[in-house]
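Read-outs: derived from the displayed coordinates by stated rules, not from any lab. The shown structure was predicted, so the numbers you read here are calculated from the model rather than taken from an experiment. Cβ sites come from the backbone with ideal geometry, for glycine too, and all protein chains shown count toward neighbours.
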Amino acid sequence: MPSVPPCAHAIVGGSGTAAIEFPEALGDPRVRVVGDPIMVPTPFGESPPVKRLVLTREDGSVREALVGRMHGWQRGVDRHSATLALFWLFREAGVRRIIAEAGAGSILQNFRPRDLILPHDVIDLTPQVSGLLDPEHVVVMRAPFCPELRGAMWEQATRWAADKATRAFDRAIYATSQGVRFETAAEIAAYARLGADIVGQAISPEVYLAREIGACYAAITIVLNYAEGVRPKWDYELIQEILQDDARTMGHLLVEALVRTPEVPGCACLSYRKRVASSDPAAAMTDTA
Ligand SMILES: [Zn+2]
């Protein structure tokens, strides 16, 4: 079996960077792609191709990162199997921090296309695949997005918003729908009643698989359209335009956020991963700490 190199950081690319060859198209001299993409067989099928990057930080130190792309990477493979395979690979590499990007449709009237949103919580409307990567642990979904990674992404998002005259928000509940089709107006009205602010087909299962493998996770979304029924109509052409225009900026944001996260995590994410002690019902769930 091909070996997976150890690596503590990872990026999961979604719609926001799908229009470019990421990270090569950034032309950023601090970012170097090493070797050929890694593809390994996993219990969930062959992994998506993963690039290995070396990022040079301001102080001259380097940080390695794996880059996997989820958006449309292969026809005929369901997204959940592909995500399980990717996160199986991340677990083998010992990944401890994952940042992701995705497109979103706004369920709220007051978000606008091109707004940048860091969701703070998620409602997963897709079939569950939890407990497969590490049956020894169960995860608590308190604070599902790492505050430290969110902080690093927020700093970059506000900079982008100021430069490009758009807006950044750090609170929204993201509903994950199964796809690949878009939702009906009645479905969106139902999601709104559940409390969702934006909708898309990413973030889950990534958000809980990250916690299962003991990694911090945060995601940024860019609003591409209004969800069905929110406005009389929305513009598919505008979605394509945003994806083309903003892919490089999104790529730069991911790189900047990753190089700026502190060396030693200062968050509580790992404490939400609990060991299952099934042989002793009285201590069925204990802290890993
Ligand atoms: Zn964390």
Subject >> ³J(HN,Hα), Karplus 6.51/-1.76/1.60, whole Hz, each residue of the range 185-190, x for Gly, Pro >> reply: 4, 5, 5, 5, 4, 5
Subject >> Packing rank of 235-244, 217-226, where each peptide gets the mean count of other beta carbons within 10 Å, highest leading >> reply: 217-226, 235-244
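Kirkwood Rh and Cα-based Rg: tell me the resulting Rg over Rh for the range 9-287, rounded to two decimals.
Details: Rg = 18.3 Å, Rh = 19.2 Å.
Reported Rg/Rh (Cα atoms, Kirkwood Rh): 0.96.
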**OP:** Could you list Ser15, Ser81 in order of exposure, starting from the residue whose Cβ has the fewest other Cβ atoms within 10 Å?
**Re:** Ser81, Ser15
Subject >> the range 107-209, relative contact order [Cα under 8 Å, separation at least 6], % >> reply: 44
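From the Cα gyration tensor of the range 17-138, with a ≥ b ≥ c the square roots of its eigenvalues, which class applies: rounded if a/c is under 1.5, or else prolate if a/b is larger than b/c, or else oblate? Intermediate values should be presented prior to the final figure.
Numbers: a/c = 1.60, a/b = 1.07, b/c = 1.49.
It is oblate, given that a/c is not under 1.5 and a/b is not larger than b/c.
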**OP:** Would you look at the GNM of the chain, springs on alpha carbons closer than 10 Å, and say which of Trp160, Trp88, Trp234 moves the most?
**Re:** Trp234
**OP:** Determine the shape class of the range 115-190: with a ≥ b ≥ c the square roots of the Cα gyration tensor eigenvalues, call it rounded for a/c under 1.5, and otherwise prolate if a/b is greater than b/c, oblate otherwise.
**Re:** oblate
**OP:** Just tell me which aspartates and glutamates come within less than 17 Å, Cα to Cα, of Lys51; anything on the same chain fewer than 8 places away is out.
**Re:** Glu21, Glu24, Asp28, Asp36, Glu64, Glu92, Glu101
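Only bridges with both residues in the chain count here: give the DSSP antiparallel percent, nearest 5.
Numbers: 24 of 54 bridges.
Bridges in the chain are about 45 percent antiparallel.
For a quick check: sort Met153, Met250, Met141 by the number of other beta carbons within 10 angstrom, fewest at the front. Before the final figure, lay out the partial values.
Working: Met153 29, Met250 26, Met141 13.
Listed from fewest to most nearby Cβ atoms, that is Met141, Met250, Met153.
Evaluate the relative contact order of the range 22-114 (contact order divided by residue number), counting alpha-carbon pairs under 8 angstrom at least 6 apart; express in whole percent. Display every interim value, and only then the final one.
On the way: 99 pairs, mean separation 20.1, N = 93.
Relative contact order, the range 22-114: 22 percent.
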